[in-house]
1. For the range 9-112, what does the equivalent ellipsoid look like in terms of its semi-axes, each the square root of 5 times an eigenvalue of the Cα gyration tensor, given largest first in whole Å?
2. Suppose the chain between residue 118 and residue 8 were pulled fully straight at 0.36 nm per residue; how much longer would it get relative to their current alpha carbon spacing?
3. So, R0 is 25 Å and r is the distance between the beta-carbons of residue 19 and residue 84; what FRET efficiency does that work out to, to 0.05?
4. Return the single residue from 20, 79, 113 with maximal mean-square fluctuation; model: Gaussian network over the chain, springs between Cα atoms under 10 Å.
């Protein structure tokens, strides 16, 4: 799914375990998502739970691990057209076998493709 500069973008994400099975979002202690371009352009940060500096996610099918994040036009305007956009999801699960009884995972960075120019530059037509 291409990300278009200077326009609003909705990104659907499905969390799965190492076997490809969807993770029920209600079983997690929390998760955060960062959307960025390398080396240091952070578009936005999202969290399952309300916290300062993060916008909340929209869980559309929590049992099947599906949620959405919403990048608005102001956030995509920070990026450079033609450069790759990534996101990374970090999860926190309760696990008594780990220090602090929590287990942290990162899904690694996932490419959303190169940032593309908007043909309409955010204009709406009737």
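Each reported figure results from applying straightforward, stated rules to the coordinates on display, with no laboratory input. This is a predicted model, so every value here is computed, not measured. Backbone-built Cβ (ideal geometry, glycine too); neighbour counts: all protein chains shown.
1. 25, 14, 14
2. Numbers: separation 110, 0.36 × 110 = 39.60 nm, distance 1.05 nm.
Answer, rounded to one decimal: 38.5 nm.
3. Details: r = 28 Å, r/R0 = 1.11.
Taking R0 as 25 Å, the efficiency between residue 19 and residue 84 is 0.35.
4. It is 20.
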